[in-house]
Amino acid sequence: MDPAKIQGIEKQLGYTFTDKNELLRALTHPTFSKEQKEKPVGAHVCPHQSVYATLGDAVLKAGFISLLMDKGLKTKGDITISKADLENNLQLAEVGRRLHLLEENFIQHRAGSGEKLEEASRTLYSDTVEALIGAIYLDSNSSMSEVKKCISKIFKPELEAMDRKLK
């Protein structure tokens, strides 16, 4: 990936990767990885984002809980309701759109184009947002404070809207 593009996504995330391969893996969808592995000439293993998305999902939950507690939410019920609003796939997809993950061709995928890509876009966006959080967690040596800073930046509009609701 072009170094200028890497800098662009890092700026949007609020995090500079020490190991750019972590970022590239987070941006590699399984459809792209499968195609690389099955090429008739030049086939190679291309790690993809699935495991990072799983990790990112868990880290995102922990980060949201911590941020919500920082905002003064005290009960399990209040935290659970607010967290659910932030972490649902529609919300994650909206964050991915705001980051222009598909429009800027950050995500390496083979999910098609046109109408087919539109159908797959929600999953592409949401999985990639989770994978990016997982990659940040790994690259930062499991630093929750670093991840929380990134979540605060990436989800700034949603967290500000929540602040207004809480007042």
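Brief remarks on what is shown
- Ratio of the Cα radius of gyration of region 59-129 to 2.2 N^0.38 Å, where N counts its residues: 1.35
- For region 3-166, Kirkwood radius (reciprocal of mean inverse C-alpha pair distance, Å): 16.3 Å
- P(r) weight above 19 Å for region 1-89, C-alpha pairs, percent: 58 percent
- Seen against the Cα atoms of the chain and their longest principal axis, helix 3-13 is set at about 20 degrees.
- When each of Ile6, Ile133, Ile107 is scored by the number of other beta-carbon atoms lying within 10 Å, the sequence from fewest to most is Ile6, Ile107, Ile133.
- Based on C-alpha pairs under 8 angstrom that are at least 6 apart in sequence, region 3-166 has a relative contact order of 35 percent.
- Amide H within-cut-off set for Gln108, under 5 Å, with H built and near neighbours excluded: Thr28, His29
- Fully extending the segment from Thr18 to Leu117, taken as 0.36 nm per residue of separation minus the present Cα-Cα distance, adds 32.5 nm.
- Taking the charge dipole of the chain about its Cα centre, with +1 at Lys and Arg Cβ atoms and -1 at Asp and Glu Cβ atoms, the residue from Phe17, Val129, Met144 reaching farthest to the positive side is Met144.
- Among Asp19, Asp127, Asp78, the order by Cβ neighbours within 10 angstrom, fewest to most, reads Asp19, Asp78, Asp127.
- Here is how the number arises for the chain: DSSP H runs of 4 or more residues each give -39500 (n - 2.57), the sum is divided by the residue count, and the result at 222 nm is -22000 deg cm²/dmol.
- Equivalent ellipsoid, region 92-167 (semi-axes from 5 times Cα gyration tensor eigenvalues, Å): 25, 18, 8
- The C-alpha atoms of the chain define a longest principal axis, and helix 144-154 lies at about 80 degrees to it.
- Degrees, to the nearest 10: 50-70 long Cα axis against longest axis of the chain: 20 degrees
- By definition, a body whose alpha carbon gyration tensor gives a ≥ b ≥ c is prolate when a/c is 1.5 or more and a/b is larger than b/c, and region 1-47 fits this prolate description.
Every number here is computed from the coordinates shown, using simple stated rules; none is lab data. Everything numeric in this text was worked out from a predicted model, so none of it was measured. Note that each Cβ is placed from the backbone with ideal geometry, even for glycine, and that neighbours are counted across all protein chains shown.
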